[in-house]
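Q: Here you go, one structure.
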Amino acid sequence: MAITLGRNAFLREVLLAALLSLSLPMVSLAGVYFYLQGGDVNLIGLFVSVITISALTAIPLIFYASLRLNAATLARERAYSGAPEQLIHKPLEGPLLLRRSMVAGSVKSRILAMLPGCIGFGLEFALMYYLTSGSGFFFLHALTGAMLIIQASIAANLLR
């Protein structure tokens, strides 16, 4: 509760979270690259490999980035508001839509902690949209885009 975070340190944490979230689409892009490179590629084996590598590397990195960003947001909120009392909800408690969070945090920190997932899965959806040439992923783009707008406004507010 005594730790606060300055603007530059908070911005560095946001950029680090965005960078770590790129691991998910990069694994998929590597799979597409291997598929396009060559001749006798087993498509099912490649698909299983991409999902396994994503599950073992990218998803834990996104979760780690989320935890770091949650803590950084809480520290920045303390510096920004200057209030001695900060409303931090316990894990699995809080407002209705944010009640499923496994970590303690404020409403802003929980929303901003979803940024790595939104970036990673948003780019993944964009890649799937491109590869399938279909609009089946449009709904996911709309939800992810709306969430990114909310997160950008919270981050910009905390950087003032």
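The values are calculated or read from the model by the stated rules, or taken from the named source; none is laboratory data. The shown structure was predicted, so the numbers you read here are calculated from the model rather than taken from an experiment. Note that we place each Cβ from the backbone using ideal geometry, even for glycine, and neighbour counts take in every protein chain shown. Accessible surface areas use protein heavy atoms only, side chains included; no ligands, DNA or RNA. Shrake-Rupley method; radii C 1.70, N 1.55, O 1.52, S 1.80 Å.
Q: Starting from segment 136-155, keep only residues that are within 20 Å of Ala113 (Cβ to Cβ) and part of a helix (DSSP H, G or I), then list their pairs with residues that are of a type in the set (D, E, K, R) and open to solvent by 50 Å² or more (accessible area, probe 1.4 Å) whose Cβ atoms are within a distance under 7 Å, requiring at least 6 positions of separation or different chains.
A: As it stands, the answer is Ile154/Lys108, since those pairs meet every condition given.
Q: Does segment 128-160 hold any residues that are of a type in the set (A, V, I, L, M), farther than 30 Å from Tyr80 by Cα and exposed (fewer than 14 other Cβ atoms within 10 Å of the Cβ), and which are they?
A: Leu131, Ala142
Q: Might you check whether a residue that is farther than 19 Å from Met147 by Cα and either open to solvent by 20 Å² or more (accessible area, probe 1.4 Å) or in a helix (DSSP H, G or I) (or both) occurs anywhere in segment 113-127?
A: No, there is no match, as no residue in segment 113-127 is farther than 19 Å from Met147 by Cα and either open to solvent by 20 Å² or more (accessible area, probe 1.4 Å) or in a helix (DSSP H, G or I) (or both).
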